[in-house]
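Take a look at the structure set out below.
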Amino acid sequence: MRRPRRLTGGLVLASAIALALPVAAGSAPEPPVRPGDGEIQTQRDRVGDRADRVGELTQRLAESETRLTELGAQVELAMEDANKARVDLARAERARTRAEQLAAGANGQAGAAASEVERQRSRLDEFAAGSYRQGSKLGSLTAYVGASGPDDLLNRAELLDTVGRSQLDVLDDLERAHIDRVNKDSLARKALRDAAESRAAAAAAQERAEAAENAAVAARAAQAGRAAGIEAERDGVQAELSDARAAVRGLESQRDRYEEWLQASQAAQAAQGQAAASESAGQGSVVPDDDPGPVTGSTEVVVQRALSQLGMPYAWGGGDADGPTRGIRDGGVADSHGDYRKIGFDCSGLMIYAFAGAGVELDHYSGYQYQSGTQVPLSSMQRGDMLFWRSGGRVHHVALYLGGGQMVEAPYSGSQVRVAPVRYSGIAPYAVRVI
């Protein structure tokens, strides 16, 4: 009874292997073609060349985007200067209008005063001429007719003399008033000239400011064009890199199929010999079944949480341990991009969310995050380390290193969470390792 069971088991094993692999030359299909090692190496060299080129263009694109950001700031400054120049010009025009009105009024007053002086001078001349013709000081003997006596006559003479002096005083007052109005007219005209000069200066300043604004806008547009050109070139080389990698994978897969076929063929032959031997020895076969589970760790939890937010909008002040939050106002750039109306992350908020998955609490400030773990030289940075950028000794940006020269970050207002090559311009000398 035992021998038939052993025989059956051996025949089943040998039959299964025989079905899986050809054993008869007449019925066996052609074995897979094995690509040469030189062919594979050629494609690998092509991959390396394209990868280097992609890295170079990606770095150039990152630098171009940095320059684009700087030019954007210059455009904003130029726009503000142009706004100031427009306001100054409007003020100068209002001042000139007021000066013109004052000058016109002063000129009219001076003219009226001059006319009145001439009128009073004519009256005085007529009075003096009449007095001379009639031999009296005041021009009319009728002024003395009817006097009751010498005293009354003397009183009338004094009265008329006083009246004559009053007319002379009035004439003096008119002369002084005329001079005063002429002086005011002169001052008003000077104010008008000053206002006109101020208006001309303001107009020239506006022209210069608008020219500077146009130049800044043109420079930014040109830089954007250069960045687009670099990006297009990089995408083209990236496509070539993908093709080369696919070719390598295809060749390696073809080689692996050949190796598998060869190993299976050799195993089948060995199994057939073992089956025959086991029939005589009364022993079966043992096949190991190893199925190791996936390896996970805190670093990968952090990295994957950060990568899960790719495409999430940048929002200044946004992000916490639970995910993206609404941004806050900053009174400047973030407000101009409407960050306070968006749900998203800023750079340090993305780090808070990523590391919360590993149970690490971080402050919402990149400067404190730079002090939150072990600082290691950039030459020793590893996947899951934080990278920082400084200006004037102060930290202003943070990103998570992915390895292979890549990082994930929430870069700036108006952008989204993205993967980008590490930018070494302005980077802090140490990476920070928290886990």
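Some values worked out for this structure:
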{"item": "Qualifying positions in the range 220-239 - open to solvent by 60 Å² or more (accessible area, probe 1.4 Å) and at pLDDT 90 or above", "result": "221, 226, 231, 232, 233, 235"}
{"item": "Residues being open to solvent by 40 Å² or more (accessible area, probe 1.4 Å) and either part of a strand (DSSP E or B) or without any contact (Cβ under 8 Å) to a residue 40 or more places away in the chain (or both) - total across the range 379-423", "result": "12"}
{"item": "Residue identified as loosely packed, with under 15 Cβ neighbours inside 10 Å, part of a helix (DSSP H, G or I) and at pLDDT below 85 among 163, 145", "result": "163"}
{"item": "Within the range 264-294, tally of residues that are part of a helix (DSSP H, G or I) and either surrounded by 13 or more Cβ atoms within 10 Å (Cβ to Cβ) or modelled with pLDDT of 75 or more (or both)", "result": "11"}
{"item": "The one condition in (1) closer than 30 Å to residue 249 by Cα; (2) modelled with pLDDT of 85 or more; (3) surrounded by 15 or more Cβ atoms within 10 Å (Cβ to Cβ) that residue 64 fails to fulfil", "result": "(1)"}
{"item": "Restricting the range 26-61 to residues that are modelled with pLDDT of 75 or more and of a type in the set (Gly, Ala, Ser), the residue that is nearest to the chain's Cα centre (by Cα)", "result": "55"}
{"item": "In the range 218-269, the residues that are more than 12 Å from residue 47 (Cβ to Cβ) and acidic (Asp, Glu)", "result": "231, 233, 235, 256, 259, 260"}
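The values are calculated or read from the model by the stated rules, or taken from the named source; none is laboratory data. All figures in this text were calculated on a predicted structure; none of them were measured in a lab. Using ideal geometry, Cβ is built from the backbone for each residue, glycine included, and neighbour counts are taken over all protein chains shown. Please note that ligands, DNA and RNA were not included when accessible areas were found on the heavy atoms of the full protein model with its side chains. Shrake-Rupley method; radii C 1.70, N 1.55, O 1.52, S 1.80 Å.
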